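The values are calculated or read from the model by the stated rules, or taken from the named source; none is laboratory data. Everything numeric in this text was worked out from a predicted model, so none of it was measured. Because the Cβ atoms are built from the backbone with ideal geometry, glycine has one as well, and the counts that use them run over all protein chains shown.
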Amino acid sequence: MIKKAKRRGNADPLNPVQRVIWDFAHVLLGSAVVAVAFNIFLLPNQIASGGVSGISTIFNFTFGFEPAYTQWAFNIPLFILGVLLLGGSLAGSLLYGSKTLAGTIFLPFVVFLTRDLEPATTDPLLAAIFGGIGVGLGLGIVFRSNSSTGGTDLAAQIVTKYTGMSLGASVFIMDGLIVISSAFVFGFEFALYALIGLFTTGKTIDIVQMGIGYSKMAIIISEYEEEVKQGLLTQVDRGVTKFVGYGGYTNHERPVLMCVVGRNEVTKLKQIVQTIDPSAFVIVSNASEVLGEGFKKK
């Protein structure tokens, strides 16, 4: 890096005990948000958008089972199975296992406590969208504490360990089977709503995890790399990293500059490069999360 980063010591302002309390608070808060979103959006509109909550929605409609009891009946055995089979990734981390157990038990508990809440809407499309946002918001909060609410997430990890299938594929297959099952129970149209909810949940989790403030990463190849570098350092006030590249056709060594800027600084960056070297090769792409000096702190 051209600009030398300052040593900041321990970036975490919380001591270990405070960090544990903070993480558990996130698990409980996130679980509560998921539970409320489930009760006021998804369950009353028969939207089974994956996970154990989707299974409990199907069982509630088909057999009349209380959703909280169904979730406990699936979550707790899956957690025990995860401890026995996953070993190092669950039981091996006492803190992670404890937080996951807290989410596993607390989420159905809040579902039970809030079971009499009035539905926020009777429109299944609105329910799928805002239910997906609510579930994604809650899960994102839980995931930020390096934890889980158990359920099919643990089942997917078990499948991954013993089949070699990727975790993403395992989760996709399990959620897909639940959505397909909902098509037979509630009808094809409600399965489509469930897919909308599932998609919205995933996007909301990404936003909670990485934020909505996308930065931009610029890759610059120029014959005047020193002038460009100084222009970015002095006029944009951003750090610049220099790489050595080789032309694919000429095989000649070429300097490559990388600079990450905020969205409001992209135009200024391009103007500086254009002024110094109109023939410079510039690539500007999204950087969804940037940690470090001048950007988001870890």
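Yes/no matrix, rows are residues, columns are (1) closer than 19 Å to Val36 by Cα; (2) in contact with a His (Cβ under 6 Å, 6 or more places away or on another chain); (3) polar (S, T, N, Q):
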site	(1), (2), (3)
Phe106	yes, no, no
Phe112	yes, no, no
Leu137	yes, no, no
Gly176	no, no, no
Ser181	no, no, yes
Gly202	yes, no, no
- Task: Answer yes or no as to whether Met174 is over 16 Å from the mean Cα position of the chain (by Cα) and part of a loop (DSSP other than H, G, I, E, B).
- Result: no
- Restricting attention to the stretch 242-281, and to residues there that are hydroxyl-bearing (Ser, Thr, Tyr) and in a helix (DSSP H, G or I), which single residue is farthest from Gln230 (Cα to Cα)? Thr267
- Note on the structure: Ser98 vs (1) assigned to a helix (DSSP H, G or I); (2) within 17 Å of the chain's Cα centre (by Cα): all pass except (2)
- Item | Number of the exception - Gly247 against (1) modelled with pLDDT of 90 or more; (2) not assigned by TED's automatic domain parsing to the domain that holds Gly30 | (1)
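Against the definition (over 28 Å from Thr62 (Cβ atoms) and not in a loop (DSSP other than H, G, I, E, B)), how does Val185 come out, yes or no?
no
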- Give the number of residues within the stretch 176-204 that are under 29 Å from Ala287 (Cβ atoms), loosely packed, with under 15 Cβ neighbours inside 10 Å and hydrophobic (A, V, I, L, M, F, W, C). 0
- Query: Considering the stretch 161-170 alone, what residues qualify as being surrounded by 13 or more Cβ atoms within 10 Å (Cβ to Cβ) and within 19 Å of the chain's Cα centre (by Cα)?
  - Reply: Leu167, Ala169, Ser170
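Here are Ile207, Ile133, Ile173, Ile158: which of them is touching a residue at least 60 places away in the same chain (Cβ under 8 Å) and surrounded by fewer than 16 Cβ atoms within 10 Å (Cβ to Cβ)? Don't jump to the end; show me each part of the working.
Working: Ile133 fails: surrounded by fewer than 16 Cβ atoms within 10 Å (Cβ to Cβ); Ile173 fails: touching a residue at least 60 places away in the same chain (Cβ under 8 Å); Ile158 fails: surrounded by fewer than 16 Cβ atoms within 10 Å (Cβ to Cβ).
None of the other options fit; the residue is Ile207.
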- Find the residue count for the stretch 15-38, including only residues that are surrounded by fewer than 18 Cβ atoms within 10 Å (Cβ to Cβ) and more than 18 Å from the chain's Cα centre (by Cα). 9
- Message: Of everything in the stretch 218-241, what is assigned to a strand (DSSP E or B) and surrounded by 15 or more Cβ atoms within 10 Å (Cβ to Cβ)? Give them in sequence order.
- Response: Ala218, Ile219, Ile220, Ile221
